1. Just to confirm my filter: which helices (runs of 4 or more DSSP H) fall fully inside the chain and include at least 3 residues that are open to solvent by 80 Å² or more (accessible area, probe 1.4 Å)?
2. With the requirement that a residue be under 11 Å from the mean Cα position of the chain (by Cα) and within 18 Å of LEU7 (Cβ to Cβ), what does the range 26-57 give you?
3. Identify the residue in the range 30-68 that is of a type in the set (S, T, N, Q) and at pLDDT 95 or above and, among all such residues, is nearest to LYS81 (Cα to Cα).
4. Would you say TYR58 is closer than 19 Å to ARG93 by Cβ and touching a residue at least 12 places away in the same chain (Cβ under 8 Å)?
Amino acid sequence: RIVNVKLDQGQFDAMVSIVYNVGSGRPNQDGKPGRDGIEYLRNGQPSTLLRKLNIGDYDGAAEQFDKWVYGGGHPLPGLVKRRADERKLFEGRA
């Protein structure tokens, strides 16, 4: 429901994987802290990955997978590997 462009099966599978792992996010509301995610950032805007995808910039969207590797402000090796695998799937290289 959040993607407005056609996806092939690999792109769809990669998006399901990253949203399942990262979450959809939640904007700040009623004084409650938000949470960054693929659908919403804490500021209420869509993630850059989703924005690029929805304008048909598939290459730009693929590059954004590499940005979602942080935990506690540091890149985590497991997330680096997971995002690399998801990106390959999205780009049809898996």
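The values are calculated or read from the model by the stated rules, or taken from the named source; none is laboratory data. Since we're looking at a predicted model, the values are computed, not measured. Neighbour counts are summed over all protein chains in view; Cβ atoms, including those assigned to glycine, are modelled from backbone coordinates with ideal geometry. Please note that ligands, DNA and RNA were not included when accessible areas were found on the heavy atoms of the full protein model with its side chains. Shrake-Rupley method; radii C 1.70, N 1.55, O 1.52, S 1.80 Å.
1. 9-22, 77-91
2. ILE38, GLU39, PRO46, SER47, THR48, LEU49, LEU50, ARG51, LYS52, LEU53
3. So, considering only residues that are of a type in the set (S, T, N, Q) and at pLDDT 95 or above, the one nearest to LYS81 (Cα to Cα) is GLN64.
4. Answer is yes for this residue.
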